[in-house]
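Here the structure comes first, spelled out in structure tokens, and everything after it is commentary.
The values are calculated or read from the model by the stated rules, or taken from the named source; none is laboratory data. Being a predicted model, the structure only gives us computed values, none of them experimental. Reconstructed Cβ throughout: ideal geometry from the backbone, glycine too, with neighbour counts over all protein chains shown. For the accessible areas, the whole protein counts, side chains as well, though only heavy atoms, and no ligand, DNA or RNA atoms are used. Shrake-Rupley method; radii C 1.70, N 1.55, O 1.52, S 1.80 Å.
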Amino acid sequence: MRAFLRRQGLLGPGEHAELTPLTGGVSSDLWKVDLPAGTVCVKGALAQLKVAHEWLAPVSRNRVEYDWLRFAAPLCPGQVPRGIVHDGEAGLFAMEFLPPERYPVWKAQLLDGQVDVAAAREVGDLVGRLHSASAADQHSALRFATDGNFDALRIEPFLRVTAGAHPDLRERFAELARRTASTHLAVVHGDVSPKNILLGPDGPVLLDAECAWFGDPAFDIAFCLNHLLIKSIKLPGLAAELRAAAQALADAHARHIDWEPPDAFGERVAALLPALALARVDGTSPVEYLDTAQRHEVRKAGRLLLADPAPAVDQLLDRWAMAGALA
Ligand SMILES: Nc1ncnc2c1ncn2[C@@H]1O[C@H](COP(=O)(O)OP(=O)(O)O)[C@@H](O)[C@H]1O
Ligand SMILES: [Mg+2]
């Protein structure tokens with residue numbers, strides 16, 4: 001770390017850096033680094049992720065994340081941390097440090113019972129802007145031709161591993177894996193989860209683009225809506241608010257869909273979401289905050305909607321609410 005800081009000119013001769021590890025992630029080492037010139041955040045990718053099952057992932061994703069920060073910065077100023085420098089030799093990059101007092105994590109707010117529908121709308125808008133700006137862009141397609149990473153980090157652990165726990169639905173999972181992996185339309189963030197979103201003074205800030213991939217943008221919306229819907233099972237008293245947040249996010253995103261018919265996009269979101277829901281109970285990276293009965297509820301709703309997919313996001317949200325009420 002100190003060699004990296006010196007090589008990149010962040011730490012001068014005789015100067016001192018104070019390192020504080022940051023917690024909260026599973027796939028990286030992160031530090032708050034106090035330097036004489038100011039504070040930065042330094043991130044390096046781990047080869048073995050900190051989850052219960054063995055989950056190995058290419059460390060080249062550290063470079064991919066930095067490339068994504070550079071890609072996103074001009075499109076949404078203030079809504080991604082400013083990238084400072086990447087160092088391939090150290091496998092580290094430095095970015096702007098966003099102090100937690102001013103940038104609370106959205107997940108913590110949600111689990112604390114604060115459902116901010118306006119924030120959800122802003123997240124949908126932010127993700128939509130990024131998708132639309134990169135759609136059909138040859139340069140982005142080449143820069144984020146990271147199919148191998150995306151397979152290792154998303155298709156395999158979320159779709160193929162989860163299929164093993166649901167042998168009767170194996171063909172549905174396989175179809176979704178094939179379709180998702182072979183759709184190349186826009187730059188996908190790949191981890192749009194409330195734990196990777198900070199609610200800053202200038203709107204939501206998106207972190208953690210290790211999975212960035214020129215692929216299927218429906219993945220991002222299915223992924224994020226899934227997080228909100230699973231939280232409605234944890235917090236049934238807030239199910240209506242969470243549903244409104246999910247709807248606001250999807251609607252705000254949909255206003256940016258100019259690369260394909262919006263119905264085709266919505267159909268893929270609705271088809272993929274139940275598989276991702278099952279992945280959060282029976283896949284490689286299970287959700288930590290549900291009890292056994294709640295996991296069963298997610299499994300039930302996920303299986304129903306995977307076997308008989310909703311044709312669009314609105315119907316998906318209706319049917320998720322109904323499955324919850326019946327459980
Ligand atoms: N630029 C930053 N400034 C301040 N805190 C950050 C920054 N980037 C990440 N963090 C904190 O570290 C946590 C983990 O970061 P993240 O990039 O999501 O790593 P991982 O890939 O391990 O999930 C975040 O939830 C956030 O709390
Ligand atoms: Mg993260």
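Considering only Q79, L35, L22, the residue lying farthest towards the positive end of the dipole of the range 2-96 is Q79, judged by Cα position with unit charges set on Cβ.
If only the Cβ of Lys and Arg carry +1 and only the Cβ of Asp and Glu carry -1, the dipole of the range 161-238 around its Cα centre is close to 260 debye. What FRET efficiency do you get for Q8 and A47 if R0 is 30 Å and r is their Cβ-Cβ distance, rounded to the nearest 0.05? With a Förster radius of 30 Å, E is 0.85. Ranked by the mean number of other Cβ atoms within 10 Å per residue, highest first, peptides 261-267, 9-15 order as 261-267, 9-15. The mean accessible area for residues of the range 106-326, using a 1.4 Å probe and ignoring ligands and nucleic acids, is 36 Å² per residue. Annotation for the range 86-135: GluC sites (Glu not before Pro) lying in DSSP loop with at most 16 further Cβ atoms inside 10 Å of their Cβ are E89, E101. Farthest towards the positive end of the charge dipole of the chain, among the residues F158, L273, H184, is the Cα of F158, using unit charges on the Cβ of Lys, Arg, Asp and Glu. Here the range 2-96 is treated with +1 on each Lys and Arg Cβ and -1 on each Asp and Glu Cβ, and its dipole about the Cα centre works out to around 100 debye.
Across the range 1-134, the mean sequence separation of Cα contacts (distance under 8 Å, 6 or more residues apart), normalised by length, yields a relative contact order of 17 percent. Centre-to-centre separation between the Cα atoms of the range 240-278 and those of the range 55-84: 24 Å.
Approximating the spin labels as points 7 Å out from Cα along Cα→Cβ, the L142-to-D251 distance works out to 4.1 nm.
Relative to the Cα centre, what is the charge dipole magnitude of the chain, using +1 at the beta carbon of each Lys and Arg, -1 at the beta carbon of each Asp and Glu, and rounding to the nearest 20 debye?
Roughly 400 debye for the chain.
For a test of the definition: using alpha carbon positions, the gyration tensor, and the 1.5 limit on a/c, classify the range 2-96 as rounded, prolate or oblate. It is oblate, given that a/c is not under 1.5 and a/b is not larger than b/c. If you build the convex hull over the alpha carbons only and average its shadow over all orientations, what do you get for the chain? Give it in nm² to one decimal. In nm², the orientation-averaged hull projection of the chain is 15.7.
Within the accessible surface of the range 106-326, defined with a 1.4 Å probe on protein heavy atoms only, the carbon and sulfur portion equals 54 percent. For K300, the aspartates and glutamates whose Cα comes closer than 20 Å to its Cα, not counting residues fewer than 8 places off in the same chain, are D168, E171, D282, E288, D291, D308, D314, D318. If you take all other residues with their beta carbon under 15 Å from the beta carbon of R303, and give Lys and Arg +1 and Asp and Glu -1, the sum is +2.
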